[in-house]
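Dropping a structure here in structure tokens format, bear with me for questions.
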Amino acid sequence: MRIAFIGASHWHLPLYLEPALAIPGVAVVGVSDPDARVTTALAAQLGCVGDPDYRELCRRVKPDFVFALGRHVDMPDEARFLIAEGIPFALEKPCGMTAADAAALAKAAAGSFAAVPLVMRDGDYVPFLVDEAARGGAQYATFRFMAGFASRYTAAGCDWMLDPALAGGGAAINLGIHFFDLALQLLGPDVTVGQATMSNAAWGHPIEDYAAVTFRNGSRVMLMETGYVFPGPTSTFDMHFVVRTPNRYIVAPDQQTVDVYELDGRVERRSMGTTNVPCYPRFVRDVLARARDDRPPVASLADMVPIMNLVEAAYAAAGWHGGRAPS
């Protein structure tokens, strides 16, 4: 299977590239990034074709599949091109800047293989929670997920992430995207944003470095808290997740542990990855197999429409219109 990566300066590139290189029969045939230096270096490293223009690259190497990364503002154009060319692809989250972007892409992608890496769906933890919620409904949930400083994006050559005109916002639309998805999965399609507050007190960028959002469906509620404030290395987090169902109280105190409390106080500790990072290898293997076998992806562009509706509602509730700090 011949694959290509576009928007390859994105800091998530290794999360897709390294698992792909380990799959027998998969060959990276092309890379593209608007920064010609990135394209040249990656093409030399991988021994493949490089072109700063992803359109020219794809027409030249004719990949079987594309991992489309890059700036959030550029993602809709990438997707529209790949749809028009009939190339199966996975488009990095959030797939654009607005709910309107998501809706337009979902409509255009009807009949195409257009995956979205909502990778926690590919892990063990989220399916476990969804199964538990299906037995009686999630009554309460809290997800605290604090990642490293905003400066890591500058260090990775992705300082566009600090500009709401290019990224659409900060921690909420970036780190929080998995939890907007979880709100829909745990509380149902009628979930709404209750309240939201955001701040850039830590770093002073025009994007938020902290966000707290509440979700509600009737009497059932969920709280998401996320930010760029934890003084730890990449892919480590200050986190604490809790879900309460009528039958169980489920706690994820760290990135590898789930404690399942029965209502009589008995507890079972399970070893289980609870964050997004370990899920990428499984996603890469699965999405390529599905594209090859003409099976639909686990998550598609259509799944991003209700997610981005909630994202926009959260920014509006916080008064951060367009993901930008209030003036």
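Quick note: the coordinates plus some simple rules give every number you see, no bench work behind them. None of the values given here were measured: they were computed from a predicted structure. Every residue, glycine as well, gets a Cβ built from its backbone with ideal geometry; the counts of neighbours run over all protein chains shown.
Between segment 210-279 and segment 149-192, how far is it from one alpha carbon centroid to the other, in angstrom?
So the two Cα centres are separated by 17 Å.
Here's something else I'd like to know. Any idea what % of Cα-Cα pairs in segment 135-252 are farther than 18 Å?
Within segment 135-252, distances greater than 18 Å cover 52 percent of Cα pairs.
For the chain, what D do you get in µm² per second when you plug the Kirkwood radius from alpha-carbon pairs into Stokes-Einstein at 20 °C and 1.002 mPa s?
106
With no solvent and one equal point scatterer per Cα, compute the Debye intensity ratio I(q)/I(0) for segment 111-167 at 0.12, 0.14, 0.16, 0.20 Å⁻¹ and report its log10, rounded to two decimals.
With one equal scatterer per Cα and no solvent, log10 I(q)/I(0) is -0.58, -0.73, -0.85, -0.94.
May I ask you to work out the translational diffusion coefficient for segment 9-100 at 10 °C, viscosity 1.306 mPa s, via Stokes-Einstein with Rh from the Kirkwood sum over Cα pairs, reported in whole µm²/s?
Rounded to a whole number, D works out at 117 µm²/s.
A further question follows. As a test, work out the antiparallel percent of DSSP beta bridges whose residues both lie in the chain, rounded to the nearest 5.
In the chain, DSSP labels about 60 percent of beta bridges as antiparallel.
Contour minus end-to-end for residue 155 and residue 84, with contour as 0.36 nm per residue of separation and end-to-end as the Cα-Cα distance?
22.1 nm
Let me have the relative contact order for segment 156-237, percent, based on Cα pairs under 8 Å that are six or more residues apart.
For segment 156-237, the relative contact order is 27 percent.
For segment 232-284, what is the convex hull volume of the alpha-carbon atoms per residue, in Å³?
Hull volume over Cα atoms, normalised by residue count, gives 84 Å³.
With each pseudo-label sitting 7 Å past Cα toward Cβ, what's the residue 21-residue 264 distance in nm, one decimal?
Reported label-point gap for residue 21 and residue 264 is 5.3 nm.
Taking θ = phi - 60°, what integer Hz values does the Karplus form 6.51 cos²θ - 1.76 cosθ + 1.60 yield along segment 20-26, in sequence order, with x for Gly and Pro?
Per-residue couplings from phi come out as 5, 5, 8, 8, x, x, 9 Hz.
Can you tell me the convex hull volume per residue for segment 174-327, based on C-alpha atoms, in Å³ to the nearest whole number?
Each residue corresponds to 152 Å³ of Cα convex hull volume.
Now for a separate question. In nm, give the distance between the simple-model label positions of residue 100 and residue 190, each being 7 Å from the Cα along the Cα-to-Cβ direction.
With each label point 7 Å from Cα toward Cβ, the separation is 3.0 nm.
What residues qualify as long-range amide H neighbours of residue 229, i.e. H under 5 Å apart, gap of 5 or more or another chain, H built at 1.01 Å from N?
The answer is 147.
Just in segment 258-309: which trypsin sites (Lys or Arg not before Pro) are loop by DSSP and have at most 10 other Cβ atoms within 10 Å?
266
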